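The structure appears right after this line, and notes come after that.
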Amino acid sequence: MGMIESSKVYSGRELENIFFRPVFTGQSAQDLGIRVLYNMPMPTTIHLWSPASDVLKPYQNGWQGGSSSIKEQKTIEMKKVKAETAFSASDYFSMVFELITNRPDVNMQDLTGTELEAAETELFKRAIAESIRMTMWLGDTSSNTPYNTFDGILKSAMAAANDAANTGATLVGNVDDIAVVLETLWKNASSELKALKPDGQLAYFMTTNLYNEYEQYLDSKDLEVTYRERIEGREGLYYHGIPLIDMGISSGIGAFEEYPVRICMLTDRRNLVLAVNTADFPGTEVRMWYNPDEMENRQRADFLAAAASIDPRRMGIAFEI
């Protein structure tokens with residue numbers, strides 16, 4: 001067999017359970033490092049809650065309470081997007097066949113339609129997930145560059161930093177020394193952001209070059225633990241207990257003149273949101289089919305997506321000016 005000719009359409013519950021929910025919930029969502037909302041009711045409204053500072057009152061009869069919490073909320077404008085790919089039949093079969101043969105439990109003498117369908121699905125699922133992830137950070141609907149289907153987190157973060165006096169964001173304009181940047185972002189962080197550290201949700205989000213520079217900074221320390229980490233590797237990088245997360249956008253950020261190539265943000269993970277919806281728009285589906293006229297295997301997915309940062313006061317950003 002040298003081509004894949006069976007067609008498949010995923011919609012409704014099947015679309016959710018097979019294609020999107022495994023990618024954007026559970027461990028997969030945690031790996032993104034930010035807050036992921038999947039199939040929330042539309043319009044999609046996101047919230048940040050802060051407990052009231054003092055709920056204790058002198059005892060007396062009658063109701064003395066006020067509002068129990070402080071709420072920040074923002075409505076995300078969801079965008080209808082689609083993903084489309086096409087491969088020559090022979091190339092596509094080779095890619096799918098490789099996915100199958102890499103599995104230890106596969107019976108090469110009995111490649112059923114189910115085996116091929118699962119491999120096809122996995123191939124397209126990976127492409128969609130990576131495209132959404134990159135757009136989540138880099139997206140700019142006003143740009144003619146790639147990743148322009150919905151606005152990403154960096155667009156709103158940079159706007160907040162450039163207007164720090166009005167937004168309350170913290171701006172650091174020198175990223176020559178990564179250790180200084182990390183300390184300065186924490187030192188200059190707003191009281192709202194510092195108060196969230198005990199929740200364990202703060203993180204430094206940064207470009208790969210800064211992530212590597214901090215690892216080299218740690219390697220330069222003449223300590224036994226540092227030597228062992230250089231040999232055995234590190235599970236993750238931290239600064240005063242706050243994890244560092246590599247945004248992994250080096251392959252795409254160079255196409256955007258408005259984005260510097262060295263960026264570091266300190267914020268609460270819950271302040272950064274990716275929303276994906278496959279349930280509240282007619283015609284949402286994933287379709288895979290063979291086009292005999294062009295001898296191509298084609299895939300198409302239609303769904304809704306958006307990304308945003310909620311509260312600039314809970315964000316510090318450093319970038320090379």
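The values are calculated or read from the model by the stated rules, or taken from the named source; none is laboratory data. Given the structure is predicted, the values throughout are model-derived calculations rather than measurements. Surface accessibility is based on the protein's heavy atoms, side chains included, excluding ligands, DNA and RNA. Shrake-Rupley method; radii C 1.70, N 1.55, O 1.52, S 1.80 Å.
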Where LYS8, LYS187 fall by accessible area, highest first, once all protein chains stay in place (1.4 Å): LYS187, LYS8
Around VAL36, which amide H atoms from residues at least 5 apart in sequence, or from another chain, sit under 5 Å from its own amide H, with H modelled in the peptide plane? LEU274
Taking a probe of 1.4 angstrom, what is the accessible area of TRP289 in Å², to the nearest 10? 60 Å²
If the cut-off is 27 Å between C-alpha atoms, which lysines fall inside it for LYS125, apart from same-chain ones fewer than 8 positions away? LYS8, LYS79, LYS80, LYS82, LYS155
